[in-house]
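To start, the structure itself, in structure tokens.
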Amino acid sequence: MRGWLPVFKKEMRLYFGSPVAYAVATFFLFIAAFFFAPSFIQYADVSMRSAMQPQMGQTLNATENILRPLTYNMAVVLLFFIPMLTMRLFAEEKRSGTMELLLTYPLRDGEVLAGKFLAALALYASILALTVSYPITVAWFTRIEWGAVLTGYLGLLLVGAAFLSIGLFVSSTTENQIVAGFGTFGALLTLWLLGWFADSAQGALRTVIQQAAIIEHMESFAKGVLDTKDLVYYLSVTAFALFLTLRSLESKRWRG
């Protein structure tokens, strides 16, 4: 099952041999900084004023006031960011005709899929690791709850994996990168909007929609709470989307 490794290396070379990885990383870090800076400045301002009015500082918590909203906002930003990472993976192979060549190699479809998925996940995890500079910056000035921060990052890694697997599936169904990008964004946006629709539903239907909404499960991670049902949800979505991608690749072999 080491056949995934050459595919993984090839995808990493393509990511870092083009402007894609650098552009996406810059975009993500800029947006994250856009959410981080105002909260940090406001917290610093209230902290200084609480030196003269101690009662103001009683409710100050850097983890809750700065890092929790940052974690949740970064999860929402992934709706726009993940399609850029996945739209090329299978669509470009199909457009350029290298997909047929790839399928003739002595590789299983699962190995091809694993190589591409792990490459996208490694790139995403690398970019996510760069944002650790934000909690480190806060920790330099005040105490933070590192357990809650790590739980939030686990949630971001899981929701990213789920988004990447959905993007891979959409990319496997088309040979047009633009269609793959917009299709992935549309699918992720639909899963995100389910949380809004849940507010207008009643009874069991409301519960079902809430459980299906993909961003709703990030709330507990952002709060520093590790809930098994949220963990299972993201792992299930990832596994199901990868299963669909595998079926899509197999159908390509059948059609020739």
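The values are calculated or read from the model by the stated rules, or taken from the named source; none is laboratory data. Computed from a predicted model, the values in this text were never measured in an experiment. In this analysis, Cβ positions are derived from the backbone assuming ideal geometry, glycine residues included, and neighbour counts consider all displayed protein chains. What goes into the accessible areas is simple: the full protein's heavy atoms, side chains included, and nothing from ligands, DNA or RNA. Shrake-Rupley method; radii C 1.70, N 1.55, O 1.52, S 1.80 Å.
Counting only heavy atoms of protein chains, what accessible area per residue, in Å², does the chain have with a probe of 1.4 Å?
Details: 13000 Å² over 256 residues.
On a per-residue basis, 51 Å².
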> Going toward the positive end of the dipole of the chain, with +1 on Lys and Arg Cβ and -1 on Asp and Glu Cβ, which of 202, 173, 34 do you reach last?
Replying inline: 173
>> Through the Karplus equation 6.51 cos²θ - 1.76 cosθ + 1.60, θ set to phi - 60°, convert the phi angles of region 10-22 into ³J(HN,Hα) values in whole Hz; use x for Gly and Pro.
In response: 4, 5, 5, 5, 5, 4, 8, x, 10, x, 4, 4, 5
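Given a 1.4 Å probe and every protein chain left where it sits, what share in percent of the accessible area of the chain is carbon and sulfur?
On the way: 8850 of 13000 Å².
That fraction is 68 percent.
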> Roughly what would the spin-label model give for residue 146 and residue 210, points 7 Å off Cα along C-beta, in nm?
Replying inline: 3.5
>> Residue by residue through region 172-180, what is 3J(HN,Hα) from phi via Karplus (6.51 cos²θ - 1.76 cosθ + 1.60, θ = phi - 60°)? Round to whole Hz and write x for glycine and proline.
In response: 6, 9, 9, 10, 10, 4, 5, 4, 4
>> Can you show me the helix-derived [θ] at 222 nm for the chain, built from DSSP H runs with n ≥ 4 at -39,500 (n - 2.57) apiece and divided by the number of residues, rounded to the nearest 500.
In response: -26000 deg cm²/dmol
> By how many degrees, 0 to 90 and rounded to 10, does the Cα axis of helix 203-212 deviate from the longest principal axis of the chain?
Replying inline: 70
>> Using Cα springs under 10 Å in a Gaussian network model of the chain, which residue among 182, 30, 243 shows the largest mean-square fluctuation?
In response: 30
> How many lysine pairs are close in the chain, with Cα atoms under 20 Å apart and the two 8 or more places apart or on different chains?
Replying inline: 7
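Assign one of three labels to region 120-217, namely rounded, prolate or oblate, based on the Cα gyration tensor with a ≥ b ≥ c the square roots of its eigenvalues; rounded applies when a/c is under 1.5, prolate when it is not and a/b is larger than b/c, and oblate otherwise.
On the way: a/c = 3.04, a/b = 1.27, b/c = 2.39.
Here region 120-217 falls in the oblate category.
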> Taking the Cα atoms only, what angle lies between the long axis of helix 228-255 and the longest principal axis of the chain, rounded to 10 degrees?
Replying inline: 20
> HN-Hα J couplings of region 127-141 from phi, Karplus 6.51/-1.76/1.60, θ = phi - 60°, integer Hz, Gly and Pro as x?
Replying inline: 5, 4, 4, 5, 6, 4, 4, 5, x, 5, 4, 5, 5, 5, 9
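Given 0.36 nm per residue, what is the gain on full extension from residue 14 to residue 193 after removing their alpha carbon distance, in nm? Mind showing how you got there, number by number?
Values: separation 179, 0.36 × 179 = 64.44 nm, distance 3.30 nm.
Working it through step by step, the gained length comes to 61.1 nm.
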